[in-house]
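The values are calculated or read from the model by the stated rules, or taken from the named source; none is laboratory data. Keep in mind that what you see is a predicted model, and the values were worked out from it rather than measured. Here Cβ is always computed from backbone atoms with ideal geometry, including for glycine, and neighbour counts include all displayed protein chains.
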Amino acid sequence: MALATTPFHPGEHSAQTRAGVTGLAARVAGFIRPFMPAQHRSFFADLPFLVLAGDDGAGRHWVTLLDGPDGFIGSPDPATLTVDARPDPQDPLAERIAQGGEVGLLGIELATRRRNRLSGVARRRGAGFAIDVRQSFGNCPQYISERIWHRVAPRAASPARASSDLSPEQIARIRAADTLFIGTGQSRAGTHPSNGFDASHRGGAPGFVQVIGDRHLRIPDYAGNNFFNTIGNLLENPAIGLVFVDFDTGGLLHLSGRASIDWDARDSGDPNALRMIDIHVEAVLERPAALSLRWQADVADLRELVVIDKQQEAEDITSFQLAAPDGAPLPGFRAGQYLPIELDIPGQRGPVRRTYSLSGAPGTGTYRLSIKREAQGLASRHLHDVTRIGDRLRARSPAGGFLLPDGSGPVVLVSAGIGLTPMLSMLHELAAQSPQRPVWFLHGARDGAHHAHGAELRTLARTHGAAQMQTHFSRPRAGDQRGRDYDIAGRITAQTLGDLALGPEAQYMLCGPTGFVADLRHGLEVAGVPLTHIHTESFGPAS
């Protein structure tokens, strides 16, 4: 793919190639956009703070947090984000925001583990600023430690403390951290949309950031979306900014320096690290009580669940039925929502947190998770290989906004691979609550061995008289019988959906690997389907 049409710059391409990720740009070009989808615009508008990355005009890269009152973030159009606040003068990015220029932005909800990123150009606007968007995309929710926030009365900012190395107290704070934010950037000749800055999140069990000395940190790079925005930027420009948040006091510890990539993490002491980012600190800025926000661990709704059934659904997919230990009905959920869980895995510093879509019928009083075993998946391997009936885990309340749209018009449920799970729950909900609503259920799998819940889907199709099923196998086996095991040999495409000719009232629910979702969404948009009728959930290119 030519550089002019790819969403990635040469550094990102180089990192992807080094990591063995091929063909990514072609698969996700429709996922990284030059504007914000409606869901992102409303998401940003509800946030109490933003994470911003940029430089200070002298070549140092920094990252900071900026908070404000309810509604201080807006979006008058899909290409513009407005912020009715400015950083405190002691903020290392205060001058950049005041003068305007390239910035990266991360919006993150620590309570729900949702996050979206964008990059663009900041410009003055009234008492705040606006960002003209260059690139916008969603992010996976892994390694985010859930926290709920509250505000305290604003007060005069405490004096910032600057130094060139870390104090013993600052080192202790870093070693106790489970969250940090990174700012990186690069700019090549021309106006390629990948130019500029990127703000990203990193998380892990306390101690995941290794302090080698008072000017040397090592940060593990875990499995993620395979975009390699941070590492790709560092290959082009090693300047880096970090910020650690004191969630109890609202204090910010900013670091700026230079980074290099250690591609062999075998001696890192972290079994989950794929690579390590070595950071040599050049400047430290501590800002006590910089924010009016405070956070606490979200443990209020954490409950213990017991595994009451475990069923293999396909070669690499197993279902786990979860119930309350005392047999009481569990709180209800909406089809399409996910369940955040915590696992205690030997050898890990703390709980391993993951979110999995609920695949069962709402209203049963239990939860079902259908989980794909990933070769490098710490949690999925533990669940498949170690967890047994009678074992216990912890879970939070079901959450997520990937829900069936209201109305009586046609619904098209389209999935690939493990993207089947929320769609299966939606089909259960439709069969129980809207048996007359027209439904198309299209699912793509590799072959019969990898097609989960086939018998259950056929039963649901018979129960829901207005449902029509279409199963695609991309590589049918010799024993897979067309008409019995699958309907069409090949992948689901936008043309497949167009051939249904369902008219302007149809609502499309798309779930699966990022490239799959991006291709279908782009094809539907080209065909004239309104953006408000396209609803998506993706699991990242690695899936």
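Quick check on residue 227: is it modelled with pLDDT under 90, surrounded by 17 or more Cβ atoms within 10 Å (Cβ to Cβ) and not basic (Lys, Arg)? Spelling it out, residue 227 is indeed modelled with pLDDT under 90, surrounded by 17 or more Cβ atoms within 10 Å (Cβ to Cβ) and not basic (Lys, Arg).
Can you tell me which residues in region 494-516 are among the hydroxyl-bearing types (Ser, Thr, Tyr) and either out of contact with any Gly (no Cβ under 7 Å at 6 or more places or on another chain) or at pLDDT 95 or above (or both)? Walk me through it before giving the result.
So in region 494-516, the residues among the hydroxyl-bearing types (Ser, Thr, Tyr) come out as 496, 508, 514.
Hits for region 494-516 are 496, 508.
Among the residues of region 244-261, some residue qualifies, meaning at least one is touching a residue at least 60 places away in the same chain (Cβ under 8 Å) and among the acidic types (Asp, Glu). Within the option set 532, 493, 463, 514, being in contact with a helix residue (DSSP H, G or I) (Cβ under 6 Å, 6 or more places away or on another chain), of a type in the set (S, T, N, Q) and within 27 Å of residue 34 (Cα to Cα) holds for one residue only, 514.
Looking only at residues of region 320-341 that are at pLDDT 95 or above and in a strand (DSSP E or B), we find that the one that is nearest to residue 420 (Cα to Cα) is 320.
Selection of region 107-124 for residues being of a type outside the set (Asp, Glu) and either over 16 Å from residue 194 (Cβ atoms) or outside any strand (DSSP E or B) (or both) yields 107, 108, 110, 111, 112, 113, 114, 115, 116, 122, 123, 124. Where strands (runs of 3 or more DSSP E) sit wholly within region 452-543, those with at least 2 residues that are assigned by TED's automatic domain parsing to the domain that holds residue 424 and among the hydrophobic types (A, V, I, L, M, F, W, C) occupy 467-473, 507-512. Please determine whether any residue of region 259-274 is among the charged types (D, E, K, R), buried (at least 20 other Cβ atoms within 10 Å of the Cβ) and either in contact with a Lys or Arg (Cβ under 7 Å, 6 or more places away or on another chain) or part of a strand (DSSP E or B) (or both). There is no residue in region 259-274 that is among the charged types (D, E, K, R), buried (at least 20 other Cβ atoms within 10 Å of the Cβ) and either in contact with a Lys or Arg (Cβ under 7 Å, 6 or more places away or on another chain) or part of a strand (DSSP E or B) (or both).
Just one of 293, 253 is under 30 Å from residue 69 (Cα atoms) and touching a helix residue (DSSP H, G or I) at 6+ places or on another chain (Cβ under 7 Å); which is it?
Values: 293 fails: touching a helix residue (DSSP H, G or I) at 6+ places or on another chain (Cβ under 7 Å).
Of 293, 253, the one residue that is under 30 Å from residue 69 (Cα atoms) and touching a helix residue (DSSP H, G or I) at 6+ places or on another chain (Cβ under 7 Å) is 253.
Which of the residues spanning region 403-451 are at pLDDT below 95, aliphatic (A, V, I, L, M), assigned by TED's automatic domain parsing to the domain that holds residue 524 and surrounded by fewer than 18 Cβ atoms within 10 Å (Cβ to Cβ)? Correct list: 432 only. For residue 267, all conditions in the list (1) touching a Phe, Trp or Tyr at 6+ places or on another chain (Cβ under 9 Å); (2) at negative phi hold save one; what is the number of the exception? The one condition residue 267 does not meet is (1). Within region 322-334, is there a residue that is crowded, with 21+ Cβ neighbours inside 10 Å and touching a helix residue (DSSP H, G or I) at 6+ places or on another chain (Cβ under 8 Å)? No: region 322-334 contains no residue that is crowded, with 21+ Cβ neighbours inside 10 Å and touching a helix residue (DSSP H, G or I) at 6+ places or on another chain (Cβ under 8 Å).
Going by the conditions given, is residue 93 surrounded by 15 or more Cβ atoms within 10 Å (Cβ to Cβ), in contact with a strand residue (DSSP E or B) (Cβ under 7 Å, 6 or more places away or on another chain), closer than 27 Å to residue 257 by Cβ and at pLDDT below 90? Quick ask: steps written out before the conclusion?
On the way: surrounded by 15 or more Cβ atoms within 10 Å (Cβ to Cβ): yes; in contact with a strand residue (DSSP E or B) (Cβ under 7 Å, 6 or more places away or on another chain): yes; closer than 27 Å to residue 257 by Cβ: yes; at pLDDT below 90: no.
When the stated conditions are applied, residue 93 does not pass them.
Return yes when residue 46 is among the charged types (D, E, K, R), under 21 Å from the mean Cα position of the chain (by Cα) and either modelled with pLDDT of 90 or more or on the phi < 0 side of the Ramachandran plot (or both) and no when it is not.
Numbers: among the charged types (D, E, K, R): yes; under 21 Å from the mean Cα position of the chain (by Cα): yes; either modelled with pLDDT of 90 or more or on the phi < 0 side of the Ramachandran plot (or both): yes.
Considered against the rule, which asks whether it is among the charged types (D, E, K, R), under 21 Å from the mean Cα position of the chain (by Cα) and either modelled with pLDDT of 90 or more or on the phi < 0 side of the Ramachandran plot (or both), residue 46 comes out as yes.
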